[in-house]
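Working notes, structure below.
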Amino acid sequence: MGFLSQKIERSQVVAGDHIYAWRTAFAFSHHGIYIGERRVVHFVGTNTIGSSSSSGFIVWCSSRLTSTSISDPSVCPEFLDCGFQQPESGVVLSCLDCFLAGDSLYRFEYGVPTYHLLFKLRGCTCTTAKSDPPELVNHRALYLLRHGFLDYDTLSNNCEHFAMYCKTGLLCIGGGLIGQASALKTPVIATGTCAVLKWLIPGALIVKATAAGLTHLTSRYRDDLGVRSDDSGSERQLVVKVPVEDLSTFCASGTSGGSSFRAGKKTFYDKPTATSFSAMGKTMIRHPEVKWAQSLDKVYITVLLSEAKNVKVNLEPDGRFIFSAIAGVENHLYGVKLSLYDKVKGGQMNQGKRRIFCVIMKTEKKWWKKLLRGDEKMPHNVKVDWEKWVDEEDDYFCKSDEHEELAKSEEEDSA
């Protein structure tokens, strides 16, 4: 770490780190909390799924019989939970690769000295505020993944605000901006200062430049979260530490006053016990019942899951089949990951109220000895679909039957 760069290698990142990646020629950065096991929790705005740089054949959900294979960047070929997002929430769980989207990895610094804050070549990459222990940082991030982080706003409640709150638990309730948003106003203030001095002291270029520089440093210092006082008698903008379980209630009740964090819906939640991805991951991904059958040139996979939302299916040419969806009253994440016996070349699928039916085309027209390749054992939730199963000598599950199966989903929706 230093004054020029905070770039780190992936081997250096640890759970609880506030990380970021520069976008669009270093014009702005995207922030998140690394929670371990190559996972990042970040804030992207309501109903926005994190992007992925993956490529390949995608079987995408559709309510039409004409659904075809398309390529969709929101499907990660490696992790079932990548892209997990509660409905009407902007907090997303992504793998590290999808979060970086091909960009370099940087770490945001906490507890830096004042001189480090002031003379850092690029501002908004560090703060004098102290970070809480990694366990508490992860707890906040995972809690907000389940329950949301209020309303997204580009200037006053964005990905950087989310990450800084997870690290410190601090809310600025006296108004004003922090981070990248605060940096936008600094050139305006400095330019205004120069304009005033030009009118008062014509030709004093050195004086104007010095004043503009001091204005820039003063603005950077005053807008830093760490130097804002938690003393109600201070003239500085007030910050307050709010437990994550009380965050939504705190803002919705109006206690936050002119908070830079906008109030969301007032809700009450139970306190979770997980403080790491490993602890939460055991209960995060559930496995739905899956049935399969085959014909000479196709494989049929049916996922039995009622009222599924945010359904995503990724099918790679080498036979990797990845399914994920949200279902249930508590919006649990469901996932299936299979390594099919042989190569495939796409397919189509349809979603009904109680199931998702996929038709996958084999690359070669031949009967598979089993569903999975190598010595991989069949998961307990995957079973043979005897209603569709046919013997090699009696291949009667023809195209009309496929359309009939796909049509059942539409009949379910209209029922």
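Confirm whether Lys377 is more than 24 Å from the chain's Cα centre (by Cα), open to solvent by 10 Å² or more (accessible area, probe 1.4 Å) and either basic (Lys, Arg) or within 17 Å of Ala293 (Cβ to Cβ) (or both). When the stated conditions are applied, Lys377 passes them.
Might you let me know whether segment 147-164 holds any residue that is under 27 Å from Arg10 (Cβ atoms), under 16 Å from the mean Cα position of the chain (by Cα), aromatic (Phe, Trp, Tyr) and modelled with pLDDT of 90 or more? Yes, segment 147-164 has at least one match. Remark: pairs (first residue in segment 137-155, acidic (Asp, Glu); second residue not in a helix (DSSP H, G or I); Cβ separation under 6 Å; 6+ apart in sequence or on different chains) = Asp151/Arg262; Asp151/Gly264; Asp153/Arg262.
From the set of residues in segment 32-47 that are among the β-branched types (Val, Ile, Thr) and open to solvent by less than 60 Å² (accessible area, probe 1.4 Å), which is modelled with the lowest pLDDT? If we take residues in segment 32-47 being among the β-branched types (Val, Ile, Thr) and open to solvent by less than 60 Å² (accessible area, probe 1.4 Å), then Val44 is modelled with the lowest pLDDT. Select from segment 380-409 the residues that are modelled with pLDDT of 90 or more and open to solvent by 40 Å² or more (accessible area, probe 1.4 Å) and write down the one among them that is nearest to Lys337 (Cα to Cα). Checking each candidate, the answer is His380.
Table: residues versus (1) at pLDDT 90 or above; (2) open to solvent by less than 30 Å² (accessible area, probe 1.4 Å); (3) under 24 Å from the mean Cα position of the chain (by Cα).
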position	(1), (2), (3)
Lys312	no, yes, yes
Ile326	no, yes, yes
Val336	yes, yes, yes
Asn350	no, yes, no
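Output yes when any residue across segment 324-332 is free of Cβ contacts under 8 Å to residues at least 60 places away in the same chain and more than 25 Å from Val92 (Cα to Cα), and no when none is. The answer is no, given that none of the residues of segment 324-332 is free of Cβ contacts under 8 Å to residues at least 60 places away in the same chain and more than 25 Å from Val92 (Cα to Cα). Counting only residues that are in a strand (DSSP E or B) and either surrounded by 15 or more Cβ atoms within 10 Å (Cβ to Cβ) or modelled with pLDDT under 90 (or both), segment 1-26 holds 7 of them. All of Ser69, Ser54, Ser29 fail the test of being open to solvent by less than 30 Å² (accessible area, probe 1.4 Å) and modelled with pLDDT under 50, apart from Ser54. Restricted to segment 111-149, and to residues there that are among the polar types (S, T, N, Q) and open to solvent by 30 Å² or more (accessible area, probe 1.4 Å), the residue that is farthest from Ser29 (Cα to Cα) is Thr114.
The values are calculated or read from the model by the stated rules, or taken from the named source; none is laboratory data. No experiment lies behind these values; they were computed from the predicted model shown. For neighbour counting, all protein chains shown are included, and Cβ atoms are generated from backbone atoms with ideal geometry for every residue, glycine included. What goes into the accessible areas is simple: the full protein's heavy atoms, side chains included, and nothing from ligands, DNA or RNA. Shrake-Rupley method; radii C 1.70, N 1.55, O 1.52, S 1.80 Å.
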